[in-house]
Structures are given as C-alpha cells and as structure tokens.
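J.: Okay, handing you the structure first.
Coordinate-derived values only; no laboratory data. All figures in this text were calculated on a predicted structure; none of them were measured in a lab. Here Cβ is always computed from backbone atoms with ideal geometry, including for glycine, and neighbour counts include all displayed protein chains.
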Amino acid sequence: MTNPYVPLLVMGLLAFVMGLAGLLSSAVIGPKRYNKIKVDAYECGIQPSPHAASGRFPVKYYIVAMTFIIFDIEVVFLYPWAVAFTELATFGLIAMIAFLLLITVPFVYEWRRGGLDWD
Amino acid sequence: MQDTPLTNLAWLLIAIPLASAAVLLVGGRRTNAWGHWLGVVAAAAAALLGIGILIEMLGLPEAERIHDLHLFSWIPAGDLSVDAGLLVDPLSMTFVLLITFVGALIHVYSVAYMEHDENRRRFFAYLNLFVAAMLVLVLADSYALLFVGWEGVGLASYLLIGFWNQRTEYAVAAKKAFVMNRVGDMGMLIAMMLMFASIGAVDFETVFAAAEGTNEGILTATGLMLVLAACGKSAQFPLQAWLGDAMAGPTPVSALIHAATMVTAGVYLIVRSAPVFEGAPTAQLVAAIIGAITLLFGAIVGCAKDDIKKTLAASTMSQIGYMVLAAGLGPIGYAFAIFHLVTHGFFKAGMFLGAGSVMHGMGDEVNMRRFGALRRSMQITWITFGAGWLAILGIPPFSGFWSKDKIIEAAFVGEGWQPWVFGPIALLGAGITAFYMSRLFFMTFHGKARWKESEDSANESDKDLPVQHPHESPLLMTVPMIVLAVGSVALGGLLAIGDTFTHWLEPVTGHVEHHDPVIAIPVLIGATIAIVLAGAFIAWRQYAASAVPVTPPEGSVLTRAARVDLYQDAVNEAVFATPGARVTEVLTEADTTVVDGAARGLGSGAVGLGTWWGRLQTGFVRSYASIMVVGVVLAVVVVLATRV
Amino acid sequence: MTFVPPSIDWAALAPIVIVLGAAVVGVLIEAFVKDAVRRMVQVILAVVALGAALVTVAWRWTVVQAQGPAELVGGAIVEDTPALMAQGVVLICAFLGMLVIADRVGGEDGFTPVAAGAPGSTYEAQARRLGLVQTEVYPLVLFSVGGMLVFPAASDLLTLFIALEVLSLPLYLLAGLARRRRLLSQEASLKYFLLGAFSSAFFLMGLALLYGYSGSVRFADLAAAVPAMVGMDVVLLAGVVLVLVGLLFKVGAVPFHSWVPDVYQGSPTSITGFMAACTKIAAFAALVRFLYAVVPGLTWDLSPLLWTIAILTMIVGTVLAIVQTDIKRMLAYSSVAHAGFVLLGVIALTSSGISSVMFYLLVYGVATVGAFGLVTLVRERDAEGNVTGEATRVEQWAGLGRRHPVLAVCFTLFLLSFAGIPLTAGFVGKFTVFAAAVEGGAWPLVVIAVLASAAAAFFYVRMIVLMFFTDPDQDAGSTVVRTEGTTAIAVAVCAVATVVLGVVPTPILSLTSEATKFML
Amino acid sequence: MTLVHYLVLSGILFSIGAVTVLVRRNALVAFMGVELMLNAANLMLVTFARMHGDLHGQVIAFFVMVVAAAEVVIGLAIIVSIHRTRGSASLDDANLLKN
C-alpha cells in the first residue's frame, strides 16, 4: 500500500473520529445544564437583545453586507480577466460586459426597492 | 378460416357496460329517472352479443374456436411489450355468458330491490362497471390485461360492498376486502415479474408456449404466486376472512360478485394457467390442498351462522373450495371445476336473490332464528330457493349433482395418499353442505313462525317475538329468481349428458382420457347421495321437526368455534399481531378504523417499523445532518469494502 | 497558449436562455413596475416564458432527431434526447406548478406579504392590510427552473455543481415564504438550507476528489480515466460516492431524505408541489446521466450501495408514510418511496431503464403537482367561521367526498396513481420501471418494490376511505375555497393526464424510449 | 511530496467543518462549518490543480467562492429572519416539524 492518498484518508477518518469522540464524550460525561444564555450568540458580554421582533434588529447592516458581496463576486472574476485581458480579446470583453450587466441587475433591484436608503 | 363478424366485435362486450357506467356517472342526477333501465339494457345487450358470439363459435370446427383479437399496443417498454388483446375461446366465452346472463338477471332484480334507495343510479353504474371489469378479466389475452380486470373487479366490489357507506362497519368491511385482495394482487404481480424474468413475456400465448421448457423451480414459484392471487380473489384459506364481511353490501351484489362471478376469478386463473401448473406439480398440489381445507372450513362455518347471508357466504367459500380442489387435481379436474363454477353461479345466485327476497319481505332481518314458516307467505321464493337448495345438495337430477359428483369422483382419482385424502374430504364436505344448507332452508321456510303477524295475537309465548308482515316480492324480483331456478334444475343435466360441456372446453383444457377412481363410480354416487340425505335428515330433525330457539344455544365447542369463523380473526391476531402488542397499540392510535386479519399483520408490522424509524425524525437539524454523515461514511465504507 | 473562444449555439441554448432571461427580466420588473400591476405582469411573464421554453424544447427535439446530439459551450452542456426529454418533463411540471403558484386561492396569495417581517409583528399586519405581495416568488421560481434545465444537460461536474446551486438556492428561500404557519415555514427554510448546503459541500468534495483522480471534471474524461485505476481507486470511489450523495440528497433517497418530510410540510403548499415534482425530475435525470456517462465501469463497485439505498428508500418511505397524520407529510414520505421506485429503473442501467425512469417521473410529477394543488384548496375554519390555513390533518378530510365530489375524485385519482392501480398512469409507470429492473437483473429489488407498493396502497386507500366513507368530524370541519381558475386548470390537466397515460400510454412511452436513442 | 500535506490539511478542515455542523447549536456557527467544508474543498482543488499542472482546478475554486458567497447571502437572510422571529438562532429551538 504505497498509495500516497492513504494517509489522507486515514487523517480524514482520524479527524472525523476525534470530532465525533469529542461530541460523544461531552454528551456522555458532561453535565447538561442548557439555558438561553448558554446557547445564544455572544455579543461582547452585553446581553444579546432578545425579541427584536419589532424591527429593532439592525437589518441595514445585513443589507450592506449583501451589497458588499455583490461587488466581492464581481472582483473575483475581474482579476483573472484583467490578467489575461489581451489573450481573451473580444470574446472576453463581451462576456465580461454581459457578466457586469447581470451583476448590475440585483443592484438596480436593491436601489429601487429602497435597500440603499439608510433611514 | 371462416369469417367471424361477431367475434371481431367482442370488444363491444366490454365497451357497452363501460359506456353505460360512464353515462351514469358523468350524467349525475339528470339520469336518475331512467339510469337503472340503461344499466339493465347495457347488461342485456352484452348478454345478447355473447349469445351471438357463442352461436357463431358453435358453427366453427373445434380447432378454429380460439380467436386472439389484437386491440392496441399498450405498454411498449424495452424488450417487454404488452399488447391489449382479447382472447375469445370456449373457456372465456363460458365466463362471458355466465357473467352477462346472470349479470343481466341481477340487474333486473336490482331495479326493484334498490327501488327505495336514492342512489340507485350510482348503484347501477357500479354494477355496469363491475360487469365491464369482469369481462376484461376473462377476455384478456395476457396476464397484464387480466390484471387490469382483476384490479377493476376489486375496485368495483369495493365500491359496491361499501355502497351503503353510511354505516361504519360497511366501510370497514369494504376496506378489509380491498386490503386482503391486495395481498392476492401482490402474488399476481410477483407471478408476472417471474414470468417476465424467466420467459420475457406476460401474454398467454408466449408464456404457455415457453412454459414447457422452463425451469421447474421458477414454474413452481410462479404457480404458487398464482395460487396466492387466486386465494385472495376467491376467498380461499388463508385469505378467506373478507368474504363474510363483504356480505354487508346490498344482496344483489352478494349474488353477482360474491357468489356467481368475481370470487370465481381465482378458479379461472388457475384453469387458464394450466400450462404453468402442468410444469409445477407442487404448486398444483398446494392448490388442491388449499381447496380441500377451504371446502371443509367453509362448510363448518356455514353450520353455525345464524345470519342467512353469512351462511350463504360460507357456503360459497366452501363450493369454491371444491372448484379449486378440482383445478388443483390437474387436467382431469379443469373441466369439472369450470362446470361446477357455472352451475354454482346459477344456483347460488338464485339462492342469494331468494335471501334478498326474504329480507325484503321481513324488514331487512337477516337472523334465521327470526324466520320460520315463510313458505306460505312467500311461495315463489320458497320454490325457487328450494330448487337451488336441491341443486347444491346434489340431489339428482338437479344441476349440482352433475357437477359436484364429478369433482368428488375426480378427487378419488390418482395414486398414493392423495385420493384417500381429497376424496373423503370432498365426500364429507358434501354431507356437511347438505346439513347446513338444509338447516338454512328449514329454518327459513319451515317449522314454526318465530315472528307474529300483529301485536295483539295475544298468545303468551309469542310475547317477545317481533312483528313482521312477510309478503312475496314484486315480479321484477321473482322473475330473475324463477329463471335462475330453472337453470338450477336443468342446466347441469343439459350440459352434462353426453359430456357436452367437457367437449366444449376441450380446445382449451385439452382432451383427457377417462380415469377410474380408486372406488367404483356407482359406489361413490351411492355413498354421496346417502351421506347427503343423512345430512339433510339431521337438519330436518333439528330445525324443521323440532322448535328452533330464538336465542342461539351454547352449542358444542365446534359450533362455538364455527360461529366466530373458526377463530379466523383471532388466529390472524395471534399469528400476526400479538408479538407486536405494543406495536398494535400505536396502530390503534394511528388508525382507529384499521382493518383486521392479515391486513392488520401487514399494517402493524409496518406501523411498528414506521414508529421506530419515525423516532429518528426528531425535528432537530443536527440529528438529520448526523444521519446524513453516517450515511455518507457507511456509503464510502460499503463501496470500498465491496470493491472488486 | 492561445485562447480559442468557444462557439456558442444560441439556438440550442434557447430553452435555458429563455427561462433565465425571463427570471432576470422579472427582477427588473420588481424594480420598476408599480405595485398595482406587478403581480399580473410577473405571472404573465413567468407563464409565457415557461410555455415558450417548452415549445423551444419540442423544436430542439426535432432538430436533435434530425442532426444528432451536440456539445454546447465548449462541452459544458450537451444537447441530446435524454436531456431534452428531462427538460420537457421539468417544464411541463413547472408550468402546471406555476399555475398553482399563481392562483390566489380563496382571494389571497399563498405567500407572506413581507418575508422580512417577523410573524405576528405589527409590520407584517400593516403589510397585510396594505395588500402587499411578495412577487419575487415568480423570478425565484424561474431561476430555479433555469437550474433544473441545466442540471440534466450538464456534462461536467462544475456545471452540474453550479446548476445544483442555481436550482437549490431559490428553493431555500421559497420554502420560507408561506403566508400562514410562518414559524413552520421559516423552520422548513432553515432546515432545507442548512442540510442542502451540507450536502452540496459533500458534492463539492467529491468533485475535488474526482478532479484529483483524473485531472478533469468533464464526464467524458472521467469515464476515460475510470479504467486506469492504478492505486488511486480509493480516491475515485470516494469521489464518486460523495458526488452521488449530493445527487441522492436532492432526490430524497434514504438516508439522505430526512429533510424531505419537514420541508414539504412547512413550505407553502404550491411550492411543495412544484419542488416535489420538478427537483426530483431534474435530479434523477442528472443522476442517470452521471451513472451512465461517467461510471459504467464502476457498476460492480456501486451496485451494492445503490441496491441498499433503493431498498432502504422504498421501505422507509412506505413505512413512515403509514404512520403520518398530516397529508403533506404523508405525501412527502410517499415521494420518498417513489424515489426508491425510480431508483429501480436507474439501477437497471439499460436503455429501457432510462425511458422507464423518464416516464415514471412524468407520471409522478403530474400526480404530485395535482395532489398538492388540491391540498391548497382545502382549508380550516376557525371558531368564527373564518377561513384560515390549509386543513392538512388527515381527519379534516373526512367526508370530503360527499361535500366536494369532484375534488375528492381528482384526489382519489392521484392517490390511485401513486398506489399504482391499473388504468392510472402510476401503474404503467411502476410496471415499466419494474420491468426494466427485472431486465437489468435486479429482480430481488422488484420483489421488495412490489411488497412496498402493496403496503403503500394501505395509506392511500385509508385516505380514500376517509374521504368517501367516513363522517366528517364536526370540530375539525374543513371547507373548500374558490380558486381563481388556474389551480383548477392545473388539477384538471393533471387528472386527465393521469388517466390518459394510464389507458393509452403508448405514444408517450414510445417518445421516452426514443429519448435513449441519442445519448452523449 | 509536500503537496500531499495540503491534501491532508484539506481533509482535516473538511472533517472539522462537518463536525461543526453536527456539534454546534447556533445556526450561524453551523453555517460557518459548511463554509469551512466548501473552503476545504477549494484547497483540495487548488492543490490538485498544482499537482496536475492544470489551471481548471483554480478556476473551479473561483466558481466555488461565488457559490459560497451566494449561499452566505441566502443563509444569512434565512437565519436573520428566524432570529427576528424567535429571538434566538439556536438550531434546536427549531423543531416544530418532526416525526
């Protein structure tokens, strides 16, 4: 068995077993005192604001994050295109323009539906 | 080859009742006024066409009497292609005539019987549907198309048993029948798969041609599965439980479906599959054993029932046991099985209609202990029922004598232990049959009346008796009864003398040399008649000459056992359900109207498994993810461990 | 190294381009069209796009019949008859499903007015008063259908992965948009998303392993590399198994099925019908292509696994369906069981296997859309007699056959088809699949399948008995609401198809068997 | 064969991600586990690309990143809306649908 991938499989299995062992041992040995605080998100020691149902949750940050991701994706593809710009020639240019236009569509949607208004 | 214009129209046999059913169902209330007559006309038209085809067929030489009509290509799937086609031959024509003729009579009868039911139109639609499906079953030229009819009659029977579905127990009975039939259907499907796997086709022609060269193991398995299918449809042991409950349906339904036609489909299946059984003697023997068990079982149960319809149902079960026994005896029995099937179709349907007539006159009472001395008020019913009674007893020259006696003779044919087991059982069954059918007849029509005409007849002993005004039924009901009675009297002799019927079936069942039974024939006939008369005499002593108590006496162990169908439900319970008592609790919660018997076995097993597995469905995403991971790991391990 | 731009045959891509293009236009409509007419515009756009795509698929079918199959976009997608057949079936079911989705049953949309509003909040109540509609549903469905169209045609693992995500991501959102029982709906959405993402991670790992094994993700290259198993077979087999897990998850095969009941129950019913039908069709088509195109050389290695999964799927689906008391959940488990039956045809690995699978999927898809469409119509009443959410508890359907015979008869028809009773499409479907499996030598599976379908008849029949033969429970009274007509049309089409395919299946069967003629 | 170490690392990361999904109760953390699995696959793709001297693996990694981003957007939307409804993002609180 000189297969170079065997260690890989063994490691994967080991990692899995370790993880599972931790899970099982904590389930078997550990005391079970679950409460709300213990399972809730950690917010820098401040009590997490519960029942944000009335709209106090800052959704705006989430929308900004989402907008960021739109551009993030854009850049991921712009880099390699820029590197191989000359070789890809017209085909690359047209494809990229189409891609950018498509990326703009959700952005337009967000803008028209008021996602960019802070207040 | 001669021209056969009528035979080529055989598809109309199915199309006519089907179209009528469609009109009645789609037309809705608008057809209420004349719908029942449309149903009658459709059945009668099919019967006339059937007679036409028969006449045409009689005009042909024997070798040309088998026609395979191709309709259309139904399921072309890879190597398997199933064509829808009709097989018109003496065997299927026998059934066509029985179904359409008896069917038409029962349609007529139902016009009066169902007169006060607001859903009479729907009832006729279902009846027509049943006739169409039954004709598909017997005319099919492949197992696949036969299966369509098979399911169709199941569905129609289910609709008709549950027709008076206002009452829960009727609905339960309907469901029980459907589910037990499914067990049989499973056998049918597996048999088809086996044929496809070994022979590569499911049409009769190819299968039968190839059966000879096929491995005996496969043929045996196929044959056993076919027997299972027959058991489900024909209420044979151990799938007999549904037939008694099916009596919850309207009486014409019991007469048509649960006596004359549908329940005999299993016999048809076995006879039709003769070439398969030819190569599978074990399966054949199993069929014979099942027939023998059922014929005794039904007869014993019949002795103790007080419900007139349930007694007749038990008797049907027992008589079909005779047919299955005959079919299981192989070529010597095939023709007799079908012959008995035909005569039984007549006399049993006649008796069911008679029972319906009695119930009609007695305010829907079914308990025979509340009848008695009805012969004066219902003379036509009495006479017609009497004809059926003498026929089933096998008193010469009534129909039953000619057919049942042949089966008893055939049961005594053979070598080794078999004739000495099957023969006496068949003989004993005839005696018991004589006892319980006479019991039914005397309790109903003879003896003292166990009801009174009016409230003030003031005899002290009559105080608790119910008031009844028995009266003869209208002409629409009595005429079919008379026709069937004539059949019960004469049909057997007519077809048996000179072996007409056996010759008629020869193109299908093949010619069989005469075999001598292990006991001489005259002795057998004498013994049969003697034992029958003895049974009838005992019944007369007990139920006609002496008073019948209105409340059933305690009875012997056997009687008590027989009253509860020889504990069939309890046995089913013990075998299937008790091991999973906890499981059954869950089942009851999950489905309070669960069917009992074998269905409960299947259901409770499945429910138990379901509940157990359902616990894995905790609702926690993380446990779902764990199941997936375990699945992935196992999948990788399985693949890597079994790699080649 | 010079770059050769791939030639793109736009005509061949037309079905996909039409659907995805309509989805993008739908997003722009969301941005620019006024509230009042937006819903109408979206519905028309979606229906027209699906119809046009269906017509285009039919046209491409004739082209492929004449010119043979072709590779598109540099080999990322193939156009051959199995792909077109699967696309056609997906589009038919999506079209019918769209009719159900678009229907404002009982005068109200099936979807929440504001998905972002917390259930029970004043914000939500306000939106409801204003009569807002979440019309994003329509472009989302179209995106999902776009993914489903690519899925069966993908011929490399990357395209397959992208298509998987394009079809799944919108469904995760759609699952959470129910108008009523928002908590259940959101929970369904979360579960579907998390487990879906989990399974696609496995799929991706499989992709990476297969890439490591062969240096390519093209199906053709992979197939070519399969025989050369020099000490690398562990990687190959692990990769294949992981990719299969991703596909089997979408199909809902045991043990990757646990999301199915929860998601089907919690999702808006019209969406459940759509995804139960279309996702399964697309995923099975992709599974068939993967098994046939990539790993025929591994049949012996994979068949123990596939057999086990098929058996488990049939048994678990059937058995669990028996104990359900919720109609949507019962149908969900029955769909798991159906996945098992379809797997029989897949395992057969013959050309009749492919055609039987296609036929079965069509039959199953049509009955599923119809059945869930009917579930949207049966509603509960609260104490004041107001119509509220769907009456999904089984006992609430008691006696429906007497009050609404047409509805009950249609539902019965679908149930009979699921149960495989002859003269319904389901019987022919089961028959062809079983026949194909027997032909492929898998007769023990067929025996189990026959047993399972016999047991399955139990709960279908129970439902029929309940509808026709049981007296309605007064407290659990249910009522049937009016449709705008589209659901009625969809259900009627499904019912007619169920009968026609059962009685005269020949034309469609010959079509599906032609589907195996041109396979790349 | 130092490249094999990357594969081992990727396997470990993948397993850690999978175990995270199984173990962590918080929906966001569980979701991070999924992302870890995706990125482990990415690492493997890139390593294999290097081993085969073939760029496809790297291109695929780009696509995977896009898909992961899209998944994040949708996953966050779902988790946020659940959090707003229930006031917690615990996966174990969401078990109305079961059996």
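J.: May I ask for the equivalent-ellipsoid semi-axes of the protein assembly as shown, computed as the square root of five times each C-alpha gyration tensor eigenvalue and listed largest first in whole Å? Write down the numbers at each step before the final one.
T.: On the way: eigenvalues 844, 228, 164 Å².
The equivalent ellipsoid of the protein assembly as shown has semi-axes of 65, 34, 29 Å.
J.: Whole percent per 10 Å bin, from 0 to the bin with the longest distance: what is P(r) over all C-alpha pairs of segment C:342-423?
T.: Result returned by the calculation: 16, 36, 24, 15, 6, 1.
J.: Can you give the longest stretch of chain C with no exposed loop site, where a site means GluC sites (Glu not before Pro) in a DSSP loop (not H, G, I, E or B) with at most 16 other C-beta atoms within 10 Å?
T.: On the way: sites that count: C:108, C:384, C:484.
Result for the longest clean stretch: C:109-383.
J.: Highest mean first, what order results for C:459-466, B:286-293 on Cβ atoms within 10 Å?
T.: Numbers: C:459-466: 22.9, B:286-293: 24.6.
Those peptides, ordered most packed to least, come out B:286-293, C:459-466.
J.: What does the C-alpha gyration tensor say about the overall shape of segment D:3-86? Classify as rounded when a/c is under 1.5, otherwise prolate if a/b is larger than b/c, or oblate. Show your work: numbers first, answer last.
T.: On the way: a/c = 6.75, a/b = 1.83, b/c = 3.70.
It is oblate, given that a/c is not under 1.5 and a/b is not larger than b/c.
J.: I've got another one for you. Roughly how crowded by other chains is peptide D:32-45, in terms of the mean Cβ count from those chains within 10 Å of each of its Cβ atoms?
T.: Values: counts 0, 5, 10, 2, 1, 7, 5, 2, 5, 12, 2, 1, 8, 9.
Average neighbour count from other chains, rounded to a whole number: 5.
J.: Each residue of segment C:295-312 in order: what ³J(HN,Hα) in whole Hz does its phi give by Karplus 6.51 cos²θ - 1.76 cosθ + 1.60, θ = phi - 60°, with x for Gly and Pro?
T.: Going residue by residue, I get 10, x, x, 9, 3, 5, 6, 8, 4, x, 5, 5, 4, 4, 5, 4, 4, 4 Hz, with x marking Gly and Pro.
J.: With angles folded into 0 to 90 degrees, how steeply does helix C:137-150 sit against the dominant principal axis of chain C? Use alpha carbons for both and round to 10.
T.: Once rounded, the angle reads 20 degrees.
J.: For the protein assembly as shown, what proportion of DSSP beta bridges, expressed in % and rounded to the nearest 5, is antiparallel? Walk me through the intermediate numbers first.
T.: Values: 26 of 27 bridges.
Taking every DSSP beta bridge within the protein assembly as shown, about 95 percent pair in antiparallel fashion.
J.: Determine the shielding of peptide C:302-312 by partner chains: average, over its residues, the number of Cβ atoms on other chains within 10 angstrom of each Cβ.
T.: Working: counts 5, 2, 6, 7, 2, 1, 3, 3, 0, 0, 2.
Mean inter-chain Cβ contacts per residue within 10 Å come to 3.
J.: Then there's this: In terms of modelled amide H atoms, which long-range or inter-chain residues lie less than 5 Å from the amide H of residue B:140?
T.: Under 5 Å from the amide H of residue B:140 lie the amide H atoms of B:87, each far enough along the sequence or on another chain.
J.: Read phi for every residue in segment D:19-28 and hand back ³J(HN,Hα) as whole Hz from Karplus 6.51 cos²θ - 1.76 cosθ + 1.60, θ = phi - 60°, with x for Gly and Pro.
T.: Using θ = phi - 60°, the values come out as 5, 4, 4, 6, 9, 7, 8, 7, 4, 5 Hz.
J.: Of C:112, C:144, C:93, which is farthest towards the positive pole of segment C:38-146's charge dipole, taken about the Cα centre with +1 and -1 on the beta-carbons of Lys, Arg and Asp, Glu respectively?
T.: In segment C:38-146, that residue is C:112.
J.: Order D:17-28, B:209-220, C:339-350, B:340-351 from most to least packed using the mean count of other Cβ atoms within 10 Å. Kindly include the intermediate steps, with their values, before the conclusion.
T.: Values: D:17-28: 21.5, B:209-220: 15.3, C:339-350: 26.5, B:340-351: 28.8.
Answer by packing, highest mean first, reads B:340-351, C:339-350, D:17-28, B:209-220.
J.: OK, next. If amide H atoms are built 1.01 Å from N in the plane of the peptide, which residues on other chains or at least 5 residues away come under 5 Å of the amide H of residue B:67?
T.: It is B:88, B:89, by chain and number.
J.: Still on this structure, please answer the following. Calculate the length of the line joining the C-alpha centroid of segment C:424-439 to that of segment C:344-419, in whole Å.
T.: 20
J.: When the Karplus curve 6.51 cos²θ - 1.76 cosθ + 1.60 is applied with θ = phi - 60°, which whole-Hz ³J(HN,Hα) does each residue of segment C:112-117 get, with x for Gly and Pro?
T.: Ordered by residue, 3J(HN,Hα) equals 5, x, 9, 5, 6, x Hz.
J.: Something else about it: Cross-link list A:60/D:98; C:191/C:280; A:60/C:250; B:348/B:404; B:305/B:448; A:32/C:250: which exceed 24 angstrom alpha carbon to alpha carbon?
T.: From the list (A:60/D:98; C:191/C:280; A:60/C:250; B:348/B:404; B:305/B:448; A:32/C:250), the Cα-Cα distance tops 24 Å for A:60/D:98; A:60/C:250; A:32/C:250.
J.: Let me ask something additional. In what order do B:185, C:471 fall by count of nearby beta-carbon atoms within 10 Å, going from fewest to most? Mind dumping the intermediate values first?
T.: Numbers: B:185 25, C:471 12.
Arranged by neighbour count, lowest to highest, B:185, C:471 become C:471, B:185.
J.: For chain D, find the longest principal axis of its Cα atoms and tell me its angle to the long axis of helix D:56-86, 0 to 90°, nearest 10.
T.: Compared with the principal axis, the helix lies near 10 degrees.
J.: Within 10 Å of each Cβ of B:189-197, how many other protein chain Cβ atoms are there on average?
T.: Numbers: counts 11, 6, 0, 5, 10, 4, 1, 7, 7.
That works out to 6 on average.
J.: Report, by chain and number, residues whose modeled amide H sits under 5 Å from the one on residue C:379, excluding near sequence neighbours (fewer than 5 apart, same chain).
T.: Result for residue C:379 returns C:391, C:479, C:480, C:481.
J.: Then there's this: Counting only other residues whose beta carbon sits under 12 Å from that of residue B:84, what net charge do I get with K and R as +1, D and E as -1? Intermediate results must be reported in sequence, preceding the final value.
T.: Values: positive: none; negative: B:68, B:83, B:141, B:203.
That sum, taken over residues with Cβ under 12 Å, equals -4.
J.: Could you order peptides C:3-15, B:92-104 by the average number of other Cβ atoms within 10 Å of their residues, highest first? Could you put the intermediate results ahead of the total?
T.: On the way: C:3-15: 14.7, B:92-104: 24.8.
Result, highest mean first: B:92-104, C:3-15.
J.: Quote the FRET efficiency, to the nearest 0.05, computed for residue C:35 versus residue A:75 with a Förster distance R0 of 51 Å and r equal to the Cβ-Cβ distance.
T.: Values: r = 35 Å, r/R0 = 0.68.
It comes out at approximately 0.90.
J.: Let me ask something else about it. Using a cut-off of 9 Å between beta-carbons, work out the net charge of the residues near residue B:617 (Lys and Arg +1, Asp and Glu -1, residue B:617 not included). Spell out each step's value before the answer.
T.: Values: positive: B:615, D:98; negative: C:262.
Net charge around residue B:617: +1.
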